[in-house]
Every structure is written in structure tokens, then in C-alpha cells.
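**Student:** Would you mind keeping the following structure in view while I ask a few things?
The values are calculated or read from the model by the stated rules, or taken from the named source; none is laboratory data. The model shown is predicted, which means the values in this text are computed figures rather than measured ones. Please note: Cβ atoms are built from the backbone with ideal geometry, for glycine as well, and neighbour counts cover all protein chains shown. These accessible areas exclude ligands, DNA and RNA; they are computed on the full protein's heavy atoms, side chains included. Shrake-Rupley method; radii C 1.70, N 1.55, O 1.52, S 1.80 Å.
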Amino acid sequence: PGAYQLKVIGDNSDTFVATILATVREELKLLYEPRHQLKRTPQGRHVSITLDLTVKNAAQVAALYSKLQARDDVRYLM
């Protein structure tokens, strides 16, 4: 297990942040909302979510990336 930081950038919609957090919670089987920070672009079109996570292994990270990349509203993952 170890600490892992993930940044997800996507469309600034009413549901984007909530659905990303729900996806992370589901994939990592968390009982709580993960620590995160939000930053919106000056124009307000996009939002960045920086998540501080604890993961069990690399396969868990790969599965999370795969699930997030499949979303149409995600523009960038790092």
C-alpha cells in the first residue's frame, strides 16, 4: 500500500466533481470521500480535481485510470 496523487481535469459541470469522487470511492472501495482539492480555470470551462489517495497496488491504479479514461467529460489524467 502507498500514497498516490491523481489529478483529473474535466468539464466544469454540475455533476463532474461528484461523479469523479463517486467513481474513485467505488473503484477503491472507500467508505469515505477521498481528500481532494478543486481548482477552476479562470474562464470557468474546466475544473481540476487533485486527489490524495492510498492504494493497495499498481493494478488498483490501472483499473482506476481505465475507468476514468472511459468517461466523456474527462479531458486529462495525470
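**Student:** Looking only at residues that are in a strand (DSSP E or B) and open to solvent by less than 30 Å² (accessible area, probe 1.4 Å) in the range 22-58, which one is farthest from GLY2 (Cα to Cα)?
**Tutor:** Among residues in the range 22-58 that are in a strand (DSSP E or B) and open to solvent by less than 30 Å² (accessible area, probe 1.4 Å), the one farthest from GLY2 (Cα to Cα) is VAL47.
**Student:** Tell me which of these ALA58 doesn't satisfy, since it passes every other one: (1) among the aliphatic types (A, V, I, L, M); (2) under 10 Å from the mean Cα position of the chain (by Cα); (3) modelled with pLDDT under 95.
**Tutor:** It is condition (2) that ALA58 fails.
**Student:** Of everything in the range 1-14 that's over 13 Å from LEU77 (Cβ atoms) and among the polar types (S, T, N, Q), which residue is surrounded by the most Cβ atoms within 10 Å (Cβ to Cβ)?
**Tutor:** By that ranking, first place goes to ASN12.
**Student:** Given the options VAL61, VAL17, name the one that is closer than 15 Å to MET78 by Cα and in a helix (DSSP H, G or I).
**Tutor:** VAL61
**Student:** Okay, moving on. What number of residues within the range 54-78 are within 21 Å of THR15 (Cβ to Cβ) and touching a Phe, Trp or Tyr at 6+ places or on another chain (Cβ under 8 Å)? Reasoning before the result, please.
**Tutor:** Here is the first cut: in the range 54-78, the ones within 21 Å of THR15 (Cβ to Cβ) are 64-77.
Right, trim to touching a Phe, Trp or Tyr at 6+ places or on another chain (Cβ under 8 Å) and you get 73, 77.
Qualifying residue count for the region: 2.
**Student:** When residues of the range 1-48 are filtered for being under 13 Å from the mean Cα position of the chain (by Cα) and in contact (Cβ under 8 Å) with a residue 60 or more places away in the chain, how many remain?
**Tutor:** 6
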